[in-house]
Amino acid sequence: MTIENKKGWISWFNPFKYGTDRWMYALHRLTGIALGLYLIAHVWETSNILNGPVTWNKIMVDLDYPFGAHYGPYILSLILLVAVYHAMNGIRLTIVENGLMLPKPYRPEFPYKAKSLRGLNNLLKIVLGIFMIVISIVGVYYIFTGAVL
Amino acid sequence: MQEIALKGFGETVKTVTFRIRRYDPEKQELPKYMEYKIPVQMGMTVLDGILYIKEHLDHSLSTRYSCRMGICGSCGMIINGKEKLACQTQILELGKDLIKVDPMGNYGIVKDLVPDLSNLFRNHEKVKPYIIREEEEPKSEYLQTPAQREEYAMFTDCILCGMCLSACPTSATDELYLGPQALAQGFRYISDNRDLGFNERLNVLDSKQGVWRCHFSGACSEVCPKGVDPALAIQLLRQVMTTNVFVKFKQKGTANAPERKSVSGVS
């Protein structure tokens, strides 16, 4: 009798031993889940304005000072990083999953490194990675100082 | 010269521990790991190691292999966390004293390291991996230039080892997903200029469990022992599907492109 041997959802977050694309896939899933949870919390947070200015102000301060210290900007920066990564990788996937910026069918040669995961796809990763860093620096600077860089 | 090349050959270099996941269908037990110590010689592959265990240490160990040189694709297994053909993996190249051998994931286990590949072959059959023509009997040869052959030649290298499905994170949770192997073969036959079966394959490929289920994690291309690059095939197949909505897909080399019956199946 054969038994099941499914790797299950836990293997989404097991990119070790595979390539960069597999890492980006795992991070994309993770950031996607994080953004989904953030969105729910965000709707709850902003809906509190219906309870009047006193409640609103109290919640704003509570969220800015969680666990008794001024952690608000750090949490916000993290959310920004998550969102920027998800957006940038989303742009890359939209391009690449439509077959653009990929090589034409080629003849595989011995070390058998897949060209679809390299070449222009890699260039796209680097360019969007630079974008991500720039946007993150500007965003984090704004979160902490309130001034546009 | 030859003596230098053969120096150290046949001598035991070191002792390596194999940790193999065992499952016996006759016992009502879950799979468990068992350890074997084997002496390693130069040029010894993981498959050689498993056969050494079978010959000297434990005769009940089961594995599936045939050619021992990476042609047949029978000995796919997870070696130290990554899908590899056991016959092509050198023990000394791994550079570890502990080698963990698991049967391929996302399939059933028949016994020990033998996976149940029926799912793979069923999916392969679904995409109609043969040339479809209107006429029953060919009247003459179907012509093809070398350039036309190059357009799909790399996907014909598939040896059906099934390691792409084992590595695929989508297959890990979705049982009905066609998988990289079948989708790559679908693309191979669609881009063949002798084939006219695009519309016949459309309802299988262009479905929720078909080409749109891929998330391009590239794990299939990463583990493919023949460099078939199934991820590339899936993305190019997607391009065909999306352009098919706007521009009628013209199969190359045919005088009249087949009629596009319906694109409403696009989801």
Conditions (1) open to solvent by 90 Å² or more (accessible area, probe 1.4 Å); (2) farther than 30 Å from B:GLU175 by Cβ; number of the one not met by A:GLY68: (1)
Go through the stretch B:113-160 residue by residue and tally those that are surrounded by fewer than 14 Cβ atoms within 10 Å (Cβ to Cβ), among the small types (Gly, Ala, Ser) and part of a helix (DSSP H, G or I). 2
Candidate set: the stretch A:80-117, residues that are among the β-branched types (Val, Ile, Thr) and open to solvent by 40 Å² or more (accessible area, probe 1.4 Å); chosen: the one farthest from the other protein chains (Cβ to nearest Cβ): A:ILE91
Tell me whether the stretch B:165-184 contains one or more residues that are under 24 Å from A:ARG118 (Cβ atoms), touching a strand residue (DSSP E or B) at 6+ places or on another chain (Cβ under 8 Å) and crowded, with 24+ Cβ neighbours inside 10 Å. yes
Hey, can you tell me all the residues within the stretch A:15-41 that are open to solvent by 40 Å² or more (accessible area, probe 1.4 Å), closer than 30 Å to B:SER118 by Cα and either more than 8 Å from chain B (Cβ to nearest Cβ) or modelled with pLDDT of 95 or more (or both)? A:TRP23, A:ARG29
Can we say B:PRO25 is outside the structural domain of B:SER221 (by TED's automatic domain parsing) and either assigned to a loop (DSSP other than H, G, I, E, B) or in contact with a helix residue (DSSP H, G or I) (Cβ under 7 Å, 6 or more places away or on another chain) (or both)? yes
Residues B:GLY95, B:GLY108: which one is of a type outside the set (Asp, Glu), open to solvent by less than 70 Å² (accessible area, probe 1.4 Å), within 30 Å of B:ARG213 (Cα to Cα) and modelled with pLDDT under 95? B:GLY108
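Yes or no, residue by residue, for (1) among the hydroxyl-bearing types (Ser, Thr, Tyr); (2) closer than 30 Å to B:LEU30 by Cα; (3) in contact (Cβ under 8 Å) with a residue 24 or more places away in the chain:
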{"residue": "B:PRO103", "(1), (2), (3)": "no, yes, yes"}
{"residue": "B:TYR107", "(1), (2), (3)": "yes, yes, yes"}
{"residue": "B:ARG122", "(1), (2), (3)": "no, yes, no"}
{"residue": "B:VAL127", "(1), (2), (3)": "no, no, yes"}
{"residue": "B:PRO138", "(1), (2), (3)": "no, no, no"}
{"residue": "B:GLU141", "(1), (2), (3)": "no, no, no"}
{"residue": "B:GLN148", "(1), (2), (3)": "no, no, yes"}
{"residue": "B:ILE159", "(1), (2), (3)": "no, no, yes"}
{"residue": "B:GLY186", "(1), (2), (3)": "no, no, yes"}
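The values are calculated or read from the model by the stated rules, or taken from the named source; none is laboratory data. Just so it is clear, the structure is predicted and the values come from calculations on it, not from any experiment. Quick reminder, even Gly has a Cβ in these numbers, built from the backbone with ideal geometry, and neighbours come from all protein chains shown. Please note that ligands, DNA and RNA were not included when accessible areas were found on the heavy atoms of the full protein model with its side chains. Shrake-Rupley method; radii C 1.70, N 1.55, O 1.52, S 1.80 Å.
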